[in-house]
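Asker: Quick one: the structure is below, and I'll ask about it shortly.
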Amino acid sequence: MDFSCATAKSFLIDFRASANSFLSQYEPLVLLLVPLLTLFVAHVLQSSLYAVQEKGLKQTLIGFFMSSIKLVPGVKSYIDAEKQKVVDQMQSGGESKRESWRTELPRVGLGAEVIENMKEEKRKDALWQGKCSGTVYIGGKESEGHFALINEACSMFAHTNPLHLDVFQSVARFEAEVVAMTAALLGNKEKASGGQVCGNMTSGGTESILLAMKSSRDYMRYKKGITKPEMIIPVSAHSAYDKASQYFNIKLWRVPVNKDYLADVKAIRRHINRNTILIVGSAPGFPHGIIDPIEELGELALSYGVCLHVDLCLGGFVLPFARTLGYPIPPFDFCVLGVTSISVDVHKYGLAPKGTSVVLYRNHDIRKHQFVAVTEWSGGLYVSPTIAGSRPGGLIAGAWAAMMSLGQEGYLEYTKAIMEVSKSLQKGKCIYRIKEIPELFIIGRPDMTIVAFGSDVFDIFEVNDIMSSKGWHLNALQRPNSLHICVTLQHVPVVDDFLRDLKESVETVKVNPGPIKGGLAPIYGAAGKMPDRGMVQELLVNYMDGTC
């Protein structure tokens, strides 16, 4: 033992002498700077590799090039000026309209006269009856039928706030029953779900998704100790996941869809690692109305022990009834093992007032991570279930009224009507069909009430501008460039009008290709082709900054 220690000591002395002899030929300043420079280079390399991993080599190089070129005197100011031109065109004279907007309270209140002022402003809104993709899901006129019913329900409870459970017990009951009825639609009564589905009402699909992401993050930190959370979503998943990524510091991986525009399970599997907390599927996805393979995603989530969120914001109040009616609907709800949370909007096909959605969890073990409890506040003990503290009880009452007034038979009737219109757009008995317009093609195989279509012949966004001039408000999509219409009850009586106008718009673009004055086709086209996606992001932010 003594011999070994002596040998080690002798080795260390010799190594020290050799090292000092070698380093003595260098300046002390060099010896100080080399380690610092090495650390700097290592940091740059690490950041570059991270950027390449997150954005891809092409986008990383483009971003580096654009950042470098902006350092040239005059280039940045030129680019900013050109961006402002695009923003001004996107706003289309919005600034002139804002000049007449009030910036302070009137000296003398208007009293009841304010209602007439509001009616006058409302008359300036765009004509939306039957002309908008999605947007308004209830059929008929605002002053009649279901519209009038939910307006009255909202008005009765406009002063209430479920934050005060001891005061507004009626609203607390309404929320609990809306959640329970929605859970029953999505498998809670089936054995496979476990029968413990629970949740809360929220202000919309985005808040429902945000809460599901926050709860999944905290649940996986509790369960697996994950402190650098990551989630994996298909490129077709809603942009609310990008919000959740930014708000809750969850790294986001977007993976391509397959050739049928479905979530690519194999691609998602390749991205799963020890920091993965959650994967995502949509039923259906917003862009193309296609249901992702939820069963396969459920198996994947179970095998890796991660959460699976299903976005049913569009499909939650259609797919259960469409399945009952005999439409071929693949599994999508809590009956699929592996599904841990679901978001579903009541204000879409649930025909409830705007601002009502539900977030559901498989069990209370996951849901409890949604809540925020504060014990050390001088204002007392505080606990809140959702992002909002105070919430409008009138909207909760309106959602309850909508569901109770319609019942299963009402939803079945309306589901059949909108599903038939959707099928008619594709291959039904209308005067025209999208498939019979040879310049257009339908994207994928739509499962529900969204039909997306594009063209290999001309700029589809020019068709959109012509349709806009006829009063239609469609959704413009990218990758591939296309449009979609989200069918609602508003479209049931006007489907022939839509197809006639679409065919005429296609003929107009064929005869006179090129953008129309004041149209947005050039902007959509340029944005799709612009390689620097950071610049596109800046354009969107500048546009929003000038409109709100």
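Asker: For residue 131, give me every one of the aspartates and glutamates with a C-alpha distance below 13 angstrom, ignoring sequence neighbours fewer than eight places off in its own chain.
Answerer: 496, 497, 501
Asker: In percent, how large is the relative contact order of the chain, given Cα pairs closer than 8 Å and 6 or more residues apart?
Answerer: 17
Asker: Moving on. So in the chain, what percent of DSSP beta bridges are antiparallel if you round to the nearest 5?
Answerer: 60
Asker: Then there's this: Would you list which aspartates and glutamates come within 16 Å of residue 416, measuring only between C-alpha atoms, while excluding same-chain residues fewer than 8 positions from it?
Answerer: Leaving aside aspartates and glutamates fewer than 8 places away in the same chain, those within reach of residue 416 are 447.
Asker: Separate question: Give the long-range amide H neighbours of residue 391: residues separated by 5 or more places, or on another chain, with amide H under 5 Å away, using H modelled in the peptide plane at 1.01 Å from N.
Answerer: 163
Asker: By how many nm would the segment from residue 180 to residue 163 grow when fully extended, if each residue of separation counts as 0.36 nm and the alpha-carbon distance is taken off?
Answerer: Extra length available between residue 180 and residue 163 comes to 4.2 nm.
Asker: Using only the Cα atoms of region 309-392, build the gyration tensor, take square roots of its eigenvalues as a ≥ b ≥ c, and label the shape rounded, prolate or oblate: rounded if a/c is under 1.5, else prolate if a/b is larger than b/c, else oblate.
Answerer: Because a/c hits 1.5 or more and a/b fails to exceed b/c, region 309-392 counts as oblate.
Asker: Now a separate question. Relative to the present Cα-Cα distance, how much length would full extension add between residue 235 and residue 354 at 0.36 nm per residue of separation?
Answerer: The residue 235-residue 354 span can extend by a further 40.2 nm.
Asker: What is the distance, in nm, between label points placed 7 Å from the Cα along the Cα-to-Cβ direction at residue 390 and at residue 189?
Answerer: For residue 390 paired with residue 189, the spin-label model returns 3.9 nm.
Asker: May I ask you to list the aspartates and glutamates whose Cα is less than 13 Å away from that of residue 214, ignoring any residue fewer than eight positions away on the same chain?
Answerer: Of all the aspartates and glutamates, those that pass the test against residue 214 - Cα under 13 Å, at least 8 places apart if same chain - are 230, 242.
Asker: Go through region 349-363 residue by residue and turn each phi into a ³J(HN,Hα) via Karplus (6.51, -1.76, 1.60, θ = phi - 60°); whole Hz please, and just put x for glycine and proline.
Answerer: Computed from phi, the couplings for region 349-363 are 6, x, 6, 9, x, 4, x, 10, 8, 9, 10, 10, 10, 4, 7 Hz.
Asker: For the residue pair residue 136 and residue 545, what label-to-label distance in nm results when each label sits 7 Å from Cα along the Cα-to-beta-carbon direction?
Answerer: So the two model labels end up 3.5 nm from each other.
Asker: Based on the inverse mean of 1/r over its pairs of different Cα atoms, what is the Kirkwood hydrodynamic radius of region 190-315, in Å?
Answerer: 14.7
Asker: From the Cα gyration tensor of region 142-192, with a ≥ b ≥ c the square roots of its eigenvalues, which class applies: rounded if a/c is under 1.5, or else prolate if a/b is larger than b/c, or else oblate?
Answerer: It is oblate, given that a/c is not under 1.5 and a/b is not larger than b/c.
Asker: Here's a follow-up. For the Cα atoms of the chain, what angle does the longest principal axis make with the long axis of helix 2-23, in degrees from 0 to 90, nearest 10?
Answerer: Approximately 80 degrees, to the nearest 10.
Asker: Can you pull out the trypsin sites (Lys or Arg not before Pro) in region 125-229 whose DSSP state is coil and whose Cβ has at most 15 other Cβ atoms within 10 Å?
Answerer: Of the trypsin sites (Lys or Arg not before Pro), the ones in loops of region 125-229 whose Cβ has at most 15 other Cβ atoms within 10 Å are 141, 189.
Asker: Shifting gears a bit: From the helices alone, meaning DSSP H stretches of at least four residues, give me the mean residue ellipticity at 222 nm for the chain, per-run term -39500 (n - 2.57), in deg cm²/dmol to the nearest 500.
Answerer: The helix-only estimate for the chain comes to -15500 deg cm²/dmol at 222 nm.
Asker: Any number yet on Rg/Rh for the chain, C-alpha, Kirkwood?
Answerer: 1.06
Asker: Explain nothing, just the number: relative contact order of region 217-356, from Cα pairs under 8 Å at least 6 residues apart, as a whole percent.
Answerer: 20
Asker: Hey, another quick one. As I understand it, the value is the acute angle between the Cα axis of helix 460-469 and the longest principal axis of the Cα atoms of the chain; what does it come to in degrees, rounded to 10?
Answerer: 40
Asker: How tilted is helix 495-511 with respect to the longest principal axis of the chain? Cα atoms for both, answer in degrees (0 to 90, nearest 10).
Answerer: Approximately 60 degrees, to the nearest ten.
Laboratory data are not the source of any read-out in this text; all were calculated from the coordinates shown. All of these numbers come straight from a predicted model, not from anything done at the bench. Cβ sites come from the backbone with ideal geometry, for glycine too, and all protein chains shown count toward neighbours.
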